[in-house]
Amino acid sequence: MSKKVLVLPGDHVGPEVMEQALRVLDVVQEATGTKFELKHDLCGGCSIDKHGKSVTDEVVKLSTDWADAIFFGSAGGPEWGHSWPNPELGLLTLRKATAAFANLRPCTFVSKSLTHLSPLKTEIVEGVDFMLVRENCGGAYFGPKLEDNDSAQDTWLYTRPEVERCAHIAAALALQHDPPLQVTSSDKANVLASGRLWRRVVSEVFEKHYPQLTLKHQLADSLAMIMIKNPRAFNGVIVTDNTFGDLLSDEAGGLTGTLGVLPSASLCDIPAKDKPVKGIYEPIHGSAPDISGKGIVNPAAQILSLAMMLRFSFVMYKEADAIEAAVAKVIDDKSKGGLEIRTGDIGGKAGTKEMGDAICSVLKEMLGGSSNGAAH
Ligand code: NAD
Ligand code: IPM
Ligand code: MN
């Protein structure tokens with residue numbers, strides 16, 4: 001099986017966290033004898049500076065025709081302003097071109113020792129564990145747009161197949177657990193026509209194909225409120241449209257107290273055991289210009305995005321689990337056998353490289369060090 005990865009670090013902290021994640025990938029290659037073919041390129045403000053556009057046709061072609069996975073850092077920054085087109089358009093172009101329609105954004109504590117970072121009381125937030133599936137290629141982001149000086153319009157458009165594939169992916173993720181997880185679908189069916197389509201189609205898919213699964217509907221505004229009052233109510237899978245998913249996944253970042261440990265995977269197909277699926281892997285956080293260049297950004301979200309890439313695009317489950325365990329061990333309290341090496345956002349003083357070093361060395365130990373493993 002080929003293992004071609006297009007590496008797009010992007011802007012500001014993107015290259016800083018990518019450097020650490022690629023060191024972790026080196027540890028995996030060394031320990032397992034697996035070879036990845038990497039191509040490095042530009043997307044975001046760095047591409048605007050060099051080529052005058054946020055992503056070139058060549059990079060789009062590499063992502064659609066060459067790559068098995070795209071490993072993305074972050075795009076954007078104040079120096080490129082909010083005028084359109086902007087650096088962020090490069091990322092949106094890649095999501096659409098590769099049809100990476102399902103953005104999986106897990107919300108859980110990578111280590112229990114981080115529960116206290118939440119602004120919520122521990123008894124409210126402990127044990128929260130849900131996977132938010134955000135529709136990634138439609139809705140207000142991608143419908144036809146009109147814009148002039150005095151008026152502007154985004155079209156919040158969905159078609160039946162776009163909603164159906166999200167319903168199927170939510171069900172597939174729920175069915176990966178025994179017993180299966182509950183699924184909560186979120187929309188504004190009380191106001192938006194696209195929300196009524198969303199609710200009708202999700203219900204039909206579940207009635208027809210997954211009668212054994214529990215499906216609940218929750219309006220997106222009240223879901224945002226309950227996510228603070230009783231976030232465990234959504235343990236399982238949440239499936240929602242592009243705009244609501246963007247907002248709710250940052251809210252989920254607020255629950256855990258930092259965006260620095262939250263990864264994501266945008267999948268181009270429905271995952272199944274031992275079936276590699278193409279995807280774009282990136283942290284939920286952005287380019288964090290306020291802390292870039294200081295060597296203090298938390299690399300965990302990028303490294304955990306690598307774990308998602310190994311799991312979904314390369315069916316390397318053991319290595320993906322080991323990376324997650326290594327990150328947890330580095331962060332964990334000493335009293336729990338951890339190293340307590342943490343960046344500032346998670347209550348420590350370590351730098352980006354120090355955390356990367358520690359994760360690499362723990363992972364090396366876990367995977368057995370030298371390249372005597374069977375090639376994948
Ligand atoms: P942000 O996620 O970059 O930062 C929000 C806050 O969280 C900042 O205080 C930042 O320092 C902190 N933070 C984020 N990641 C961190 C990490 N790994 N370790 C420690 N602290 C971390 O959001 P923003 O400031 O609203 O956006 C900055 C730029 O990034 C904007 O141009 C935005 O459009 C872009 N953006 C890009 C992506 C992407 O490329 N996937 C995602 C979100 C935002
Ligand atoms: C995200 C970001 C992007 C989005 C931006 C940078 C285009 O906020 O990945 O959550 O809105 O999808
Ligand atoms: Mn966002």
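For the chain, just say rounded, prolate or oblate: build the C-alpha gyration tensor, square-root its eigenvalues into a ≥ b ≥ c, call rounded for a/c under 1.5, and beyond that prolate if a/b exceeds b/c, oblate if not. It would help to have the intermediate numbers written out before the result.
Working: a/c = 1.39, a/b = 1.19, b/c = 1.17.
Judged from the Cα gyration tensor, the chain comes out rounded (a/c under 1.5).
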- Query: Between Thr122 and Ser361, how many nm apart are label points set 7 Å from Cα along the C-beta direction?
  - Reply: 2.9
- Sum up the charges of everything whose Cβ sits under 12 Å from the Cβ of Ile280, counting Lys and Arg as +1 and Asp and Glu as -1, but leave Ile280 out. +1
- Where in the stretch 86-195 are there trypsin sites (Lys or Arg not before Pro) that are in a DSSP coil and have at most 15 other Cβ atoms within 10 angstrom of their Cβ? Lys121
- Calculated FRET value between Ser222 and Thr159, using beta carbons and R₀ = 35 Å, to 0.05: 0.85
- Task: Express in nm, to one decimal, how much length is gained between Lys336 and Ala99 on full extension, taking 0.36 nm for each residue of separation and deducting their alpha carbon distance.
- Result: 81.1 nm
- Positive end of the charge dipole of the stretch 13-119 (Lys, Arg +1 and Asp, Glu -1 on Cβ, about the Cα centre): tell me which of Gln29, Val59, Gly73 has its Cα farthest that way. Gly73
- Got a sec? How would Tyr317, Tyr281 order by Cβ neighbour count within 10 Å, fewest to most? Tyr317, Tyr281
- Task: Enumerate by residue number the GluC sites (Glu not before Pro) in the stretch 124-214 meeting two conditions: DSSP loop (anything except H, G, I, E, B), and at most 16 other Cβ atoms within 10 Å of the site's Cβ.
- Result: Glu126
- Message: Under a crude label model (7 Å from the Cα following the beta-carbon direction), how far is Asp26 from Lys208 in nanometres?
- Response: 5.1
- Message: Net charge around His51, counting only other residues with Cβ within less than 15 Å of its Cβ (Lys, Arg = +1; Asp, Glu = -1)?
- Response: -2
- Task: Calculate, in nm to one decimal, what His40 and Leu146 gain on full extension: separation in residues at 0.36 nm each, minus their alpha carbon distance.
- Result: 34.7 nm
- Note on the structure: Expected unfolding gain across Gln176-Asp65 under the 0.36 nm per residue rule, minus the alpha-carbon gap, is 37.0 nm
- Message: Just to check, using Stokes-Einstein with a Kirkwood Rh over alpha carbon pairs, what's the diffusion coefficient of the stretch 46-117 at 25 °C and 0.890 mPa s in µm²/s?
- Response: 170
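If r is the Cβ-Cβ distance from Ser83 to Val191 and R0 is 45 Å, what FRET efficiency results, to the nearest 0.05?
About 0.90, to the nearest 0.05.
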- Cross-link partners of Lys353 among aspartates and glutamates (Cα-Cα below 17 Å; sequence separation of 8 or more within a chain): Glu16, Glu19, Asp26, Glu340, Asp345
- Message: Set the bar at 22 Å for Cα to Cα. Now go through Lys4/Lys50; Lys35/Lys275; Lys112/Lys273; Lys53/Lys96; Lys39/Lys278; Lys294/Lys318 and name every pair that lies beyond it.
- Response: Lys4/Lys50; Lys112/Lys273; Lys294/Lys318
- Note on the structure: Expected max-MSF residue from Asp49, Asp274, Asp150 in the GNM of the chain (alpha carbon, under 10 Å) is Asp150
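Quick note: the coordinates plus some simple rules give every number you see, no bench work behind them. Computed from a predicted model, the values in this text were never measured in an experiment. Neighbour counts are summed over all protein chains in view; Cβ atoms, including those assigned to glycine, are modelled from backbone coordinates with ideal geometry.
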